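Before we start, here is the structure in question, set down as structure tokens.
The values are calculated or read from the model by the stated rules, or taken from the named source; none is laboratory data. Note that the structure is predicted; figures quoted are calculated from it, not measured. Cβ coordinates were reconstructed from backbone atoms using ideal geometry, including for glycine residues, and neighbour counts include every protein chain displayed. Areas reflect the complete protein model, heavy atoms only, side chains present, ligands, DNA and RNA absent. Shrake-Rupley method; radii C 1.70, N 1.55, O 1.52, S 1.80 Å.
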Amino acid sequence: MSEVHKDKAVKRDKKTSKVPSEGSHGVKNTAGKTKDSLSNVSCIDEHHDERMVVTLENTYQLGPRKRFPAPAVVEILKDVLASYLEEEKYEVEWARQMAKTVCEVIRARVKELMIRRYKVVVSVHVGQLAGQSMQISSRCLWDPSNDTFASWSLKNTSLYGVASVYAVYFE
């Protein structure tokens, strides 16, 4: 085995060290922390295409350090809906694919804000304007002191688009 492969193997072994999962409630591990105060998170190292397990200590943080920026998300919704839907004509197959695409773009742009500990749910509706009325509603069970949402709608001559982003704080 070459030196480069040995070095990668050693680094991988260091990255994938795990806390023992055996034991009962409150059993100490080698670091002196109780088992309940640690959690393992599995992730992929993008640079080496390897899976690694990282051990994190619980923070016991009950509220967000930084609130979810709903006004910034509304600006993202305005920008994305306008750029993808403003000049388009409604077609059934196109609308189905465009709703998925717009949803993915909005989700990626919101994730770029890097607001930690919030789970983000994005919902997009694209439909035809043909003289009918449409009402879209949603219900969520959440904590009003930490959780929030942002929504925006757009209409042109042949279609409407409604996008909503729900941000739920994850303790």
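Work through the residues other than GLN61 whose Cβ is under 9 Å from its Cβ and net out their charges, Lys, Arg +1 and Asp, Glu -1.
Values: positive: ARG65, ARG117; negative: GLU171.
My count for the surroundings of GLN61 gives +1.
Related question: Multiply the residue gap between MET114 and THR101 by 0.36 nm, knock off their C-alpha separation, and tell me the result in nm, one decimal place. List each step's numbers first, then the result.
Values: separation 13, 0.36 × 13 = 4.68 nm, distance 2.08 nm.
This chain segment gains 2.6 nm when fully extended.
Moving on to the next point. Ignoring ligands, DNA and RNA, how do THR59, THR148 rank by accessible area with a 1.4 Å probe, largest first?
Numbers: THR59 75, THR148 25 Å².
Final ranking, largest accessible area leading: THR59, THR148.
Report SER83's accessible area, 1.4 Å probe, all protein chains in place, as a number in Å² to the nearest 10.
SER83 exposes around 80 Å² with every protein chain in place.
Pop the C-beta distance of GLN128 and ALA70 into the FRET formula with R0 = 30 Å and round what comes out to the nearest 0.05.
Values: r = 29 Å, r/R0 = 0.97.
Result of the calculation: an efficiency of 0.55.
Would you calculate the separation in nanometres between label points at GLU87 and GLU57, each defined as 7 Å from the Cα along the Cα-to-beta-carbon direction?
Between GLU87 and GLU57, the label points sit 5.6 nm apart.
Here's another thing I want to ask about it. Hull surface divided by four, with the convex hull built on the Cα atoms of segment 121-171: how many nm²? Show your work: numbers first, answer last.
On the way: hull surface 15.7 nm².
Answer in nm², one decimal: 3.9.
Keeping all protein chains in the complex and leaving out DNA, RNA and ligands, what accessible area do you get for TRP142 with a 1.4 Å probe, in Å² to the nearest 10?
That residue has around 80 Å² of solvent-accessible surface.
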